[in-house]
Structures are given as structure tokens and as C-alpha cells.
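Peer 1: Sending over a structure as C-alpha cells; questions will come in a sec.
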Amino acid sequence: MSKGHPSNQPLEKNNVNPNYGKRKPIGKALKETMTGYFFMGPAIFVIGIFILIPIFYAIFLSFNKVELLGGTSYQFTGLDNFLRMEVDSRALISLKNTAEYVAIVVPIQTFLALILAAVLNSDIKGKNLFRIIFFLPTVTSSAVLTLIFMWMYNPDGLINHVLAFVNLPTYNWLADPAIALKSIMIMNIWATAPFFMIIYLAAMQDISDSIYEAATIDGANWWQKFFKITIPMLKPVTFFVVVMSVIGTFQLFDQSYIFSGGSGGPNNSTLTIVLLIYQYAFKLLDMGYASALAVVLAIIILVVTIIQRKFFAEEKLHD
Amino acid sequence: MNKKKWLSATVISSFLIGSILTGCSSGEESGSESSNGKTVVEMSGWGASPEEQELLEETLASFEEEHPDIDVEFQTISDQYMDVMKTRLIGGEAADVFYLDASEAPGLMSKGVLEPLDEYVTDDFDVDDFEQPLVDAFKQDGRTYGFPKDFSTLALFYNKKAFKEAGLSGPPKTMEELREYAKKLTVDEDGDGKPEQYGLGLAKELARQFYKLDAYGAKLVDKDGNAAFASNEAIEALQPVVDQYRKDKTSALPSDVGAGWGGEMFGQGEAAMVIEGNWAVPFLENNFADLEFGTAEVPMIKGEQATAAFPVAYVMNKESKKKDAAWELISYLTGKEGMKIWTSKGFALPTRKSVAEELGYADDEIRGALVEGASYAQPWQAGENLPTISNNFDNQFTSALLGEQPLEKALKKAEDTANQEISAGN
């Protein structure tokens, strides 16, 4: 780093000039740029093939009626695919399910992560052990997790046994349309909250002790310190956590896929947008409409994130 | 020095790109011919029990013995068979020969991705020997796209011990009797309102209910392939199913008792009767050896005999480069000789009359009822839109079973939604 310039030019006199590079002869500048792109080449190549081209291709597909089986053909249909969503009752159901899922999971998950982090940040005994235990669910693969939970959710499974033992009502967690989505919510909160807990924990340990000391001298108790110092100081992290969980929850797919065997049942109750996209794309081979749904999902996530940004930026402590 | 670096970089990168390209091309070429000059025919199918897999390998081995110049490579697609198969067909990577379920056949036949087999058929092959409805399931516009390798029908499986305890001498003959029997067979010993044994294990999917429609004069689809099951006749046909579940509380869904499907429920003794297919026989024999069960034909519906048939065919990929060898394989496997080996253990039933006669399944104690059904069974097939239709039916029928809405409304909603999706997709 201290050697300065990455190119193989010998150090020049105007090295310290902030306008360095702009004044160089065009040939050299071009050569330098080329070298830069050359080194980035592999990354650009991979990103281009696997990210950029698919994105533009999906946008292109969303305006076409695509026929895949028996000779690929595209037929430009304008906004037809987007207008079709209006009358597609399953699209509306999936949107409603996903919105409900996001609205319930994100606040609970964030709150839980904050509480867990606060507990682990205090001076309790054996906190390292608790950190490991709390973090374990995150390490498990979501497919395995879902399968294990399906056993526990079984009408004769562990959870109903425990509920019956303490005289609480039991549920048909997997097959009752009113409950199925909530079963997935519970499982997902349990599995994802610890991941955000770690992020909160790291941020909490970054808050300077001197602030807390000053507050102690002023006579603040633990709760006051938590609400007046910890939470405001964590605001940028909370923004990150909320954005990441919103994106993650909007993309709910694997759990509901495994839960319902790919159908989104019982009675469409676990049908999410991404699952619907999968069904249209690979079961009905309607790539155009599936792409349109994907584009809409991307726009929804984009808008929600922008709103969050505005919301959190108002009182941002430091930029 | 700079020049040298550029040079070496160029050489290295072109070398890398070159190796990528050659990697691709060599991938495409491999597999067409094995090293010893044999033609390799690829075949895809879904997974099966180890015993069934063994039998298939035996059948293929005997084919290879007769055709020393052909090598068969079988690939199992273990999950989401049709999704994988369609994707491979689009990508031009599908196997030369593959399994196709009758319910999915119209969708593929109309897209022109299957090779019509009429030209290959010789007199020797004896098409007339097949059960006619089973071949018809793979025909479109007068062309045959596949020959059925085997099929299953539905039959009533009943637990002999439970019947004895309930004082019943034999299986029910009519659907009304079935409902009465189910009341006697429902056992709730501890009186908690949740029976330990239900009379009937219910399969709520359209594939397992559609055969009831015909006897009442109801239709599943109209002539354009649109859903048409929201009729009074269909309500009449399906209302008893809902009533038995909701009012009598003598039937249960597998998910109510934590089972995966009817066979499991039946084996575990959670249900005294189930209407299942051939596939349940080896499952029950392997997993519940102590279970004493019998089979009977599906009880008569409104005085008519009815059951469903699920035929599966071998079809040929239109893009195949080895069509002649592929036909050799299909004609052997669906021919008299190959079918005899393949169906010899009764995992699936033979579609050729001559083979069925020779193997004598009609007299088999367990499989007899399944074979009997073949003559009047309705194949599970209803045009290209069946996946959309059955998906919507399943959703709404579930909600009617749960009492969220009356059956009439549920069927209407299912039909409307299905037809809306069909018209939007075309």
C-alpha cells in the first residue's frame, strides 16, 4: 500500500498531487485504465455472464410471450404479462401471503435479535457458550431445518405433545391453511434471529464505554442506558438488519416449497411470490409471465428499501 | 518487459478460453458412442423401490443380450420428474427414451417434442394386443407417441383384522355401504374425539376423485379442455366425500394423522380402508409384514363400476440422434417379452392382454381386484390444462373439506380460477 501506485510505472514527481493521473499523457492513462480492466476482467466476465445478462434477459422476457417446448419463440406482448397479474388470483394470494410474512417476521426477528444481543453483551456467566448455542440454528441448512421441523410439527409430533402436556390447544401445523404459514414464520424466526444477533452484538461491542460511564455518573439506570444510548447508537445497524431481513423474507421459497411439496398448499396458504414464480417458470413453462412476476418482486423490494432508507436517514447519527 | 507480460497474459488467457471451449464441445460429443463401438441409448425415468429398480435392470440386461450393439444407460430423476424432463427437452439434453405419465402426455404431444412412433411399428409388434384405452391415452390427431409400459388402477384395500373386530364379513360393494362400514370401523377408545382408527383414509386430490364424476353424468373438462366440474352432478358426486369427512367424521386425510399418504396411514392402522393403487402392495408387504389386508374392486358408484387408471408409457425424444436404436429399446420393453419380465413381480400391471393372461394376475388374491378394474377404468388424463385444473381443484376441495366454504362454492371458484388461468396463459 505504501508504495502507492499499482501500475508498474516508476514513481513520478507529481505523485502527491491530488490531480495525479489527469495530467498524464492520454496514452499512459489509457494504458493504465486498460490494465485495471484487465485485472478486473475475470470478475467482470463472471458478473456479466451470471448476473448482468440474466437480469437484462429477465426484463426482456417479461415483455414477451415465451414458448419454450418444441422450438423457442418470443412474441412481444407489451405489458400483457404485467396486466395479467391483476386478474390472477393466485398472484394476489401469494402477494398477500408474502406481505403478511414480511410484516410479522421482520419486526419479531429484529426485536428478538436485539434482545438476545443485549443479554449476551451483559456480563452474564458462560456467555460464550450461549453465543454458540444461539448461533447454531443459523449454521444448519434450511432444507434440513425444514424437514426436522416438519417432523416436530407432525400432528403426533413433539410440539403437539409438549402443548398437550401443558394443557394448551394443539394444532395441525402443516395441514391447516390458517396455521401453515405461521408454522413457517416460527421456524424462520428461530433460525434467522441469531444471525442478526451476532451483527447486533458486534455493533454493541463497538459502542464506546465512556458514553455508558458518563451516563452512569449522571445517574442513568440500565434501561435508560439501553433505550437512550444503545438503541440510538445501533440505528445504522438496525437499518442494515431490517433491509436484509426484508429482502430475505420477500424471497421466502425453500421452506414453503418443502412444506407444501412445491404446491404452495394447503389451500394456497404457503404460496409465496417466489414459489409462484417457480411454478409458472418450471411447471407451466410460462417464462414470460414468471419473469414479469420476478421483475415486480424486484420493484417491490426496491421500493420498500428506499422507503426504509428515507425512514432511517432522518435521524441518522453519523454519515 | 511490459510487452513480455502482455504476451504471456495473452497466451495464458487464450489458453484458458480455449480449454473452456473445448471442454464444452467435448461434453456434447461424449455419450453418443461408447468406446467399443456400441450405440448408447439414454433412458430417463423416475425412481422406484430397490426391488423395482433391480427388475428394471434385469429387463434392460436381457435387452442388451439380444441387442449386443446397443448399450442402455438409465438415469433416475428422483424428484419433480416433469419439471426436470421439460427443462431438459428445452435444453436439448433429454434422454432418447423416457417415461411419460398419461396425465402429462397431452401437453408434450401437442408441442411436437415427441417422435411419432407409427412409422416404426411392425406387424410383429402387435398393437392390438394392448388394452385399447391405455394406448389411446398416448394418441393425438391419429398419431401414437408412446406405448404404455404398465399401469395401475385403484382398488379398495381393507384391514381384515379391523373388519373382523367390527363384525364385518367382507368389503363393501357400494359407496353407500362403504360409508356405513366406515362408521362401524371408526374406533375412538379413549373418547377424546380423535379416533385411533378411522374407517376410511381419504385421498383428496383430483387424480383420486375424478373417476366418481362419470357415474353421475358430471364432466371434468369440456371439449376445449376448460374445467367444467362446477355442475350439480359433480356436487352430487363429491358431496358424500365431504359429508363423510365433516359430518360422519369417519374418514381422515393422511395429514390429519401425520402420515405422508394413504398407504402409510393404512399400514399404521390409522385407517381401516383406503382406496389406493398397485404401488401400495409392495409398500405394505415390505414395511408392514404383519398387516393382514385384502383388496376389492372400488365400491360401485350409483350402480356403476368405476376406477381410475394411471398408465405410463415409453416415449421417444424427437431430437434423438439414435432413433432406430431407441425404437429397438421401446419395442422390446413394451413388447411381449420385455413386458413379461418387467411386470413379472407385479409392481405394475401389464398393458398387453396376452401378457396379463400369461402371468395370471386376474387370479392373484391381492392383485386380482386391480386387474379387474382395467376393463372399466378411466385413465387419469384430461387435456393439456390438467395441471392447472387439478391444482385449483385440490386447493378449493381442501378448503371445502375443512369447512371453510360449501362444496358448491368451492367447485365454482376452482373452475373459475382454473379457466381464468388457462385463458390468460394462452
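Peer 1: Would you pick out the residues in the stretch B:83-103 that are free of Cβ contacts under 8 Å to residues at least 24 places away in the same chain and either outside any helix (DSSP H, G or I) or more than 21 Å from the chain's Cα centre (by Cα) (or both)?
Peer 2: Correct list: B:90, B:91, B:93.
Peer 1: Mind checking whether some residue in the stretch B:55-74 is on the phi > 0 side of the Ramachandran plot and not aromatic (Phe, Trp, Tyr)?
Peer 2: Among the residues of the stretch B:55-74, not one is on the phi > 0 side of the Ramachandran plot and not aromatic (Phe, Trp, Tyr), which makes the answer no.
Peer 1: For the stretch B:119-141, name all the residues that are surrounded by 20 or more Cβ atoms within 10 Å (Cβ to Cβ) and either within 14 Å of chain A (Cβ to nearest Cβ) or outside any helix (DSSP H, G or I) (or both).
Peer 2: Residues satisfying the conditions are B:130, B:131, B:137, B:138.
Peer 1: Oh, and also: Kindly indicate which of B:330, B:341, B:301 is within 21 Å of the chain's Cα centre (by Cα), in contact (Cβ under 8 Å) with a residue 12 or more places away in the chain and within 27 Å of residue B:364 (Cα to Cα).
Peer 2: Matching residue, one of B:330, B:341, B:301: B:341.
Peer 1: If you take the residues of the stretch B:411-426 that are in a helix (DSSP H, G or I) and of a type in the set (S, T, N, Q), which of them is farthest from the other protein chains (Cβ to nearest Cβ)?
Peer 2: B:419
Peer 1: Only one residue in B:106, B:171, B:116 is at pLDDT 90 or above, within 14 Å of chain A (Cβ to nearest Cβ) and part of a loop (DSSP other than H, G, I, E, B), so which one is that?
Peer 2: Only one candidate passes the filter, namely B:116.
Peer 1: Please tell me if residue B:212 is farther than 14 Å from residue B:157 by Cα and surrounded by 21 or more Cβ atoms within 10 Å (Cβ to Cβ).
Peer 2: Yes; evaluated as a whole, the condition is true for this residue.
Peer 1: Would you check which residues across the stretch B:145-191 are within 13 Å of residue B:295 (Cα to Cα), surrounded by fewer than 23 Cβ atoms within 10 Å (Cβ to Cβ) and touching a Ser or Thr at 6+ places or on another chain (Cβ under 9 Å) and list them?
Peer 2: Result: B:156, B:163, B:171.
Peer 1: Tell me yes or no: at least one residue of the stretch B:65-82 is hydrophobic (A, V, I, L, M, F, W, C), part of a helix (DSSP H, G or I) and within 14 Å of chain A (Cβ to nearest Cβ).
Peer 2: Checked against the condition, which is being hydrophobic (A, V, I, L, M, F, W, C), part of a helix (DSSP H, G or I) and within 14 Å of chain A (Cβ to nearest Cβ), the stretch B:65-82 yields at least one hit.
Peer 1: Moving to a separate point now. Against the condition out of contact with any Cys (no Cβ under 7 Å at 6 or more places or on another chain), within 14 Å of chain B (Cβ to nearest Cβ) and either surrounded by 24 or more Cβ atoms within 10 Å (Cβ to Cβ) or not β-branched (Val, Ile, Thr) (or both), how does residue A:293 come out, does it pass?
Peer 2: Yes: the conditions hold for residue A:293.
Peer 1: Please work out which residue is surrounded by the most Cβ atoms within 10 Å (Cβ to Cβ), limiting yourself to the stretch B:248-270 and to residues that are away from chain A (no Cβ under 14 Å) and within 21 Å of residue B:170 (Cα to Cα).
Peer 2: Checking each candidate, the answer is B:266.
Peer 1: Name every residue in the stretch B:375-410 that is touching a helix residue (DSSP H, G or I) at 6+ places or on another chain (Cβ under 6 Å), buried (at least 23 other Cβ atoms within 10 Å of the Cβ), among the aliphatic types (A, V, I, L, M) and more than 10 Å from chain A (Cβ to nearest Cβ), in order of residue number.
Peer 2: B:386, B:389
Peer 1: Taking interchain pairs and intrachain pairs at least six residues apart, which have beta carbon atoms under 8 angstrom, with the first residue in the stretch A:62-84 and more than 9 Å from chain B (Cβ to nearest Cβ) and the second of a type in the set (Gly, Ala, Ser) and surrounded by fewer than 16 Cβ atoms within 10 Å (Cβ to Cβ)?
Peer 2: A:63/A:78; A:66/A:73
Peer 1: Would you confirm whether any residue within the stretch A:212-219 is surrounded by fewer than 22 Cβ atoms within 10 Å (Cβ to Cβ), of a type in the set (Asp, Glu) and more than 14 Å from chain B (Cβ to nearest Cβ)?
Peer 2: Yes, the stretch A:212-219 contains a residue that is surrounded by fewer than 22 Cβ atoms within 10 Å (Cβ to Cβ), of a type in the set (Asp, Glu) and more than 14 Å from chain B (Cβ to nearest Cβ).
Peer 1: Let me ask something else. I'd like to check which helices (runs of 4 or more DSSP H) are fully inside the stretch A:111-179 and have at least 1 residues that are within 14 Å of chain B (Cβ to nearest Cβ) and surrounded by 16 or more Cβ atoms within 10 Å (Cβ to Cβ).
Peer 2: Ranges flagged: A:142-153, A:158-165.
Peer 1: Hey, any hits in the stretch A:228-235 for a residue that's within 29 Å of residue A:279 (Cβ to Cβ), touching a residue at least 12 places away in the same chain (Cβ under 8 Å) and among the hydrophobic types (A, V, I, L, M, F, W, C)?
Peer 2: no
Peer 1: Next question. From B:259, B:272, which residue is within 28 Å of residue B:365 (Cα to Cα) and under 23 Å from the mean Cα position of the chain (by Cα)?
Peer 2: B:259
Peer 1: When residue B:194 is evaluated against the numbered criteria (1) basic (Lys, Arg); (2) touching a strand residue (DSSP E or B) at 6+ places or on another chain (Cβ under 9 Å); (3) in a loop (DSSP other than H, G, I, E, B), which criterion, by number, is the only one it fails?
Peer 2: The single condition residue B:194 does not satisfy is (2).
Peer 1: Right, something else. Residues of the stretch B:83-97 being at positive phi and at the interface with another protein chain (Cβ under 8 Å from one of its Cβ atoms), which ones?
Peer 2: none
Peer 1: In the stretch B:264-366, which strands (runs of 3 or more DSSP E) lie fully inside it and hold 1 or more residues that are closer than 30 Å to residue B:95 by Cβ, in contact with a helix residue (DSSP H, G or I) (Cβ under 7 Å, 6 or more places away or on another chain) and not assigned by TED's automatic domain parsing to the domain that holds residue B:172?
Peer 2: Counting at least 1 such residues, we get B:308-316.
The values are calculated or read from the model by the stated rules, or taken from the named source; none is laboratory data. From a predicted model like this one, the values you see are computed outputs, not experimental measurements. Please note: Cβ atoms are built from the backbone with ideal geometry, for glycine as well, and neighbour counts cover all protein chains shown.
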